[in-house]
Amino acid sequence: MATVVTSYEPTFWDKLYIPALFQGLMLTLKHMFKKKVTIQYPDEKHVPPEGYRGLHRLNKYPDGRIRCVACEMCAAACPAHCIHIVPGPSPWEEGKERYPVRFDIDLLRCIFCGFCEMACPEKAIELTEIYDFADYSREGLWIDKAGLLEIYELTKDKNFYDNSNEE
Amino acid sequence: MDRRGIKSNFLTTTVESAINWSRKNSLWPMPFGTACCGVELMAVLAARSDIARFGAEAIRFSPRQSDLLIVAGRITIKMMPVLQRIYEQMPEPKWVISMGACASSGGVFDTYSVIQGIDQFIPVDIYVPGCPPRPEGILDGLMKLQKLIEKEKISDYSHPHSN
């Protein structure tokens with residue numbers, strides 16, 4: 001048994017399209033007074049919450065020694081094999097005997113999974129909240145020990161994107 | 001015609017800066033989204049991080065109409081000829097953004113079939129790290145590309161990577 005479908009027959013007002021036009025314009029007008037969702041990126045930056053996995057850093061003890069003992073647990077845990085460590089004897093008298101002579105991370109290969117952070121027994125490597133670091137070359141995104149320690153200085157006290165303390 | 005012989009003077013530098021200004025503020029991207037980065041690329045176009053603020057919202061799926069190739073996602077050996085062909089179909093001047101770990105270096109996919117970085121086959125101007133990068137990462141890459149375009153000279157008018 002076939003069902004009879006009666007389609008909507010447009011009235012005179014429908015055919016004018018003017019009410020429909022104003023309906024649409026009203027919607028636009030309504031959105032003009034709503035809260036804007038766009039984040040004006042370079043001027044206003046999203047502040048990631050605690051635990052965001054961005055650019056890496058190498059932590060230091062308060063006296064300036066590097067926490068890392070070059071056990072290479074992070075390099076072993078890394079699924080992308082982007083951490084390259086050259087261990088050596090520590091130059092400091094106190095503390096652990098080993099320390100990384102070189103500690104390089106290929107940021108282009110890194111997938112920011114945080115496994116290195118979890119594997120680290122010394123809480124030396126950590127992922128910070130920095131998320132915008134595009135570059136012009138592959139070499140520019142190869143971060144070394146000095147770079148990682150610099151990131152530590154930038155992020156140790158406060159959130160990198162949090163400007164609330166500055167005037 | 002060899003344009004390298006043109007000496008820069010007041011006229012050429014003024015025209016140059018005008019052309020560069022208009023080029024950098026009207027990049028038309030050709031998205032080559034082959035993986036999850038492609039989905040994140042859609043988020044860049046959406047209202048929250050509105051790429052239209054930088055004049056690059058006119059996404060063209062035709063390489064002939066675009067001047068910015070955004071490679072988002074892993075490229076396999078089988079896909080590379082397609083990407084190369086799309087790159088060659090784009091008119092000069094053209095720029096390439098390699099988005100995410102997979103396109104830039106292969107990422108976790110260190111296998112026989114995945115290209116370990118598209119820069120082995122096509123020139124790349126901007127590398128955006130991340131898996132996938134945040135929309136802000138792409139916008140940062142786009143702003144860095146705009147700085148690169150600003151510096152282009154009329155004397156080497158063709159793209160620095162092309163012959």
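What follows is calculated from the coordinates using simple rules that are stated; it is not laboratory data. This is a predicted model, so every value here is computed, not measured. FYI the Cβ positions are ideal-geometry reconstructions off the backbone, even for glycines, and counts take in every protein chain you see.
Step through the table entries A:Lys158/B:Lys24; A:Lys45/A:Lys156; A:Lys36/B:Lys151; A:Lys145/B:Lys94; A:Lys36/B:Lys94; A:Lys96/A:Lys123, compare each Cα-Cα distance with 24 Å, and write down the pairs that go over it. Before the final figure, lay out each step's value.
Values: A:Lys158/B:Lys24 35 Å; A:Lys45/A:Lys156 19 Å; A:Lys36/B:Lys151 34 Å; A:Lys145/B:Lys94 35 Å; A:Lys36/B:Lys94 33 Å; A:Lys96/A:Lys123 14 Å.
Flagged as over cut-off: A:Lys158/B:Lys24; A:Lys36/B:Lys151; A:Lys145/B:Lys94; A:Lys36/B:Lys94.
So what's the convex hull volume per residue for the Cα atoms of the protein assembly as shown, in Å³?
Numbers: hull volume 93.1 nm³, N = 330.
Residue-normalised Cα hull volume stands at 282 Å³.
Any chance you could give the angle, 0 to 90 degrees and rounded to 10, that helix A:18-32 forms with the longest Cα principal axis of chain A?
30 degrees
Please list, in chain and number order, the residues 5+ apart from A:Glu126 or on another chain whose amide H is under 5 Å from its amide H, with Hs placed from the backbone.
Residues meeting the amide H criterion: A:Arg57, A:Asn59.
Can you give me the distance in nm between label points at A:Met32 and A:Asp157, each placed 7 Å from the Cα along the Cα-to-Cβ direction?
About 4.6 nm separates the two model spin labels.
For the stretch B:1-145, give me the percentage of DSSP beta bridges that are antiparallel, rounded to the nearest 5 percent.
On the way: 1 of 14 bridges.
Rounded to the nearest five, the antiparallel share is 5 percent.
Provide the packing ranking of B:63-71, A:10-18, i.e. peptides ordered by the mean count of other C-beta atoms within 10 Å per residue, highest first. Numbers along the way, then the final one.
Working: B:63-71: 20.6, A:10-18: 9.4.
So the order, starting with the most tightly packed, is B:63-71, A:10-18.
Calculated from DSSP H runs of 4 or more alone, at -39500 (n - 2.57) each and per residue, what is the 222 nm mean residue ellipticity of chain B, nearest 500?
Values: 5 runs with 57 residues, N = 163.
So the helix-based figure for chain B works out to -10500 deg cm²/dmol.
Against the longest alpha carbon principal axis of chain A, how many degrees, from 0 to 90 and to the nearest 10, is the axis of helix A:145-155 turned?
Approximately 60 degrees, to the nearest ten.
Enumerate the lysines that B:Lys78 could reach by cross-link, defined here as Cα to Cα under 18 Å, with residues fewer than 8 away along the same chain left out.
Once the sequence-local lysines are set aside, nothing remains near B:Lys78.
5 Å is the cut-off here: which amide hydrogens, built 1.01 Å from N in the peptide plane, fall below it relative to B:Trp95, excluding neighbours closer than 5 in sequence?
Distant-sequence amide H within range of B:Trp95: B:Leu68, B:Leu69.
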